Amino acid sequence: MVAGSAALPRRVRGTVNQIIHIITPEYPPEHGGVGDYTRGVARGLADAGDEVHVWCKTGSRGEPGDRFLVHPDFGRFSTRDLKHVGAALDRFQGPRRLIVQWVPHGFGYRAMNLRFCLWLWQRASTGDAVELMVHEPYLAWKGTWRQAGAAAVHRVMTVVLLRAAQRVWVSIPAWEPMLKPYALGRAIPFGWLPIPSSLREADAAAVAAVRALDKEDGRPVAGHLGTYSSLIAPLLSDAMVELLRQPEAPRVMLLGTGSHQFARAFLAQHPEWAASVRASGTLSDRDLAAHIAACDVMIQPYPDGISSRRTTAMAALALGVPVITNTGALSESIWRESGAVRLTEAGDSRGMAAQAMDVLNHPETRGALRERGRALYALMFDVSRTIRALHGADSGKAA
């Protein structure tokens, strides 16, 4: 057992299927989609009887009741840190299965930590089974010369990673053709692992409390969950303007980190809607689930379209809230084929508002959309699908 780590809970120790090491650049309490995803997958694997170890940077920690271990031993992913974690991993019987949560900007050194990639290649060369879970591949060739330089280094990192990897998982199918040329002819199995929601079912009493606060005047509530980045904020602002101009417009509830700042900026330009817009700020998972479930519809614009890596949309689908969103370059065909969400074209704020009002004004439509969304989520995106794929890959089955 690794020095300084608590013993595994007895129930897991007695029912181990396999030992899995997950390496991640972020983990709670740090906020971020990769960290939330890692925690959800670790829980799912542990519940399935695997012994799971999460390796992450300083400051990360597990939660009471977790049936897996969190090792905040990676520090800054420096050479010294890599040597330290390597020695800790070597205390486990080999060959070890390492599942790496890959985002190029996540491992420090200005998103150019080539030494980390070389470390993984060295682990693979001595027998460890390295798998990549690619959340994002690499920077595009555009922008300043600094970004172009980083994009070049990212491609070198990708070549090294694909030399190390026995298998590659991608969060959206679009990443596969972007990555394959950098395998340099090496045959590597690829598999699609959509990103599930990190939230559990909402507590009914908590949902009722939120609804009592936000529906005191009988108006429906349109929500948005996000980080209010510079790419999404203008799209959301335009959609809100069109929505709040509608007769019998709903209230708008802004959820997530950055929502207070976005609300202040929006209301500075549109003070006439101050009574119709509320921001929650950062919430616990329990409270966030309750706030989403209290909404009648979610407005989720994305510059590159809805896709299977958009956890904000997944959260709404999993909780049975209808989603109004848009297609884009990264959207999979399932969104249009399933009818599980209402779709517009990217940038069509007027169409997004019209779709939202149509859903809000027709309870039967809203109910049908809710059921289709839940059904698609259960079929394609639930974390149980991820666990089955990871177990199937370990046993040599097709993912």
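The values are calculated or read from the model by the stated rules, or taken from the named source; none is laboratory data. Everything quoted here is computed from the prediction, not taken from an experiment. Ideal geometry is used to build each Cβ from the backbone, glycine not excepted, and the neighbour counts take in all protein chains shown.
Out of the residues in the stretch 69-92 that are of a type outside the set (Asp, Glu) and part of a loop (DSSP other than H, G, I, E, B), which is modelled with the lowest pLDDT?
So, considering only residues that are of a type outside the set (Asp, Glu) and part of a loop (DSSP other than H, G, I, E, B), the one modelled with the lowest pLDDT is Arg76.
Identify, from the list Ala393, Ala294, Ala399, the residue that is at pLDDT below 95, more than 17 Å from Ala233 (Cα to Cα), over 19 Å from the mean Cα position of the chain (by Cα) and crowded, with 19+ Cβ neighbours inside 10 Å. Don't jump to the end; show me each part of the working.
Details: Ala294 fails: at pLDDT below 95; Ala399 fails: crowded, with 19+ Cβ neighbours inside 10 Å.
After ruling out the rest, the residue left standing is Ala393.
Taking the stated definitions as given, is Thr257 in contact (Cβ under 8 Å) with a residue 40 or more places away in the chain and more than 22 Å from Asp382 (Cβ to Cβ)?
yes
Determine whether the stretch 358-373 contains at least one residue that is of a type in the set (S, T, N, Q), surrounded by fewer than 21 Cβ atoms within 10 Å (Cβ to Cβ) and assigned to a helix (DSSP H, G or I).
yes
Can you tell me which residue among Ser338, Ser349, Ser333 is surrounded by 21 or more Cβ atoms within 10 Å (Cβ to Cβ) and out of contact with any Cys (no Cβ under 8 Å at 6 or more places or on another chain)?
Step by step, each of Ser338, Ser349, Ser333 is checked, and only Ser349 is surrounded by 21 or more Cβ atoms within 10 Å (Cβ to Cβ) and out of contact with any Cys (no Cβ under 8 Å at 6 or more places or on another chain).
Go over the candidates Pro247, Pro301, Pro234, Pro271 one by one and state the one that is surrounded by fewer than 19 Cβ atoms within 10 Å (Cβ to Cβ) and within 22 Å of the chain's Cα centre (by Cα).
Numbers: Pro247 fails: within 22 Å of the chain's Cα centre (by Cα); Pro301 fails: surrounded by fewer than 19 Cβ atoms within 10 Å (Cβ to Cβ); Pro271 fails: within 22 Å of the chain's Cα centre (by Cα).
Only one candidate qualifies: Pro234.
Condition check ((1) free of Cβ contacts under 8 Å to residues at least 12 places away in the same chain; (2) not in a helix (DSSP H, G or I)) across all residues:
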site	(1), (2)
Ala290	no, no
Ile299	no, yes
Ala329	no, yes
Ala375	no, no
Ala378	yes, no
Ala389	no, no
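Only one of (1) outside any loop (DSSP other than H, G, I, E, B); (2) buried (at least 17 other Cβ atoms within 10 Å of the Cβ) is not met by Gln261, so which one is it?
Gln261 satisfies all of (1) outside any loop (DSSP other than H, G, I, E, B); (2) buried (at least 17 other Cβ atoms within 10 Å of the Cβ) except (2).
Looking at the structure I just gave you, is Tyr27 modelled with pLDDT under 95, closer than 25 Å to Pro137 by Cβ and in the same structural domain as Ala152 (by TED's automatic domain parsing)?
No, not satisfied.
Filter the stretch 104-159 down to the residues that are among the polar types (S, T, N, Q), buried (at least 16 other Cβ atoms within 10 Å of the Cβ) and not in a helix (DSSP H, G or I) and list them by number.
Asn113
State all residues of the stretch 14-38 that are surrounded by fewer than 24 Cβ atoms within 10 Å (Cβ to Cβ), part of a helix (DSSP H, G or I) and not acidic (Asp, Glu); if no residue qualifies, say none.
Listed by number, the residues that qualify are Gly33, Val34, Gly35.
Looking only at the stretch 78-115, which residues are on the phi > 0 side of the Ramachandran plot and of a type in the set (A, V, I, L, M)?
The one that is on the phi > 0 side of the Ramachandran plot and of a type in the set (A, V, I, L, M): Ala111.
Take the residues in the stretch 160-201 that are without any contact (Cβ under 8 Å) to a residue 12 or more places away in the chain and in a helix (DSSP H, G or I); name whichever of them is farthest from Leu118 (Cα to Cα).
Step by step, filter the stretch 160-201, then rank; the result is Pro177.
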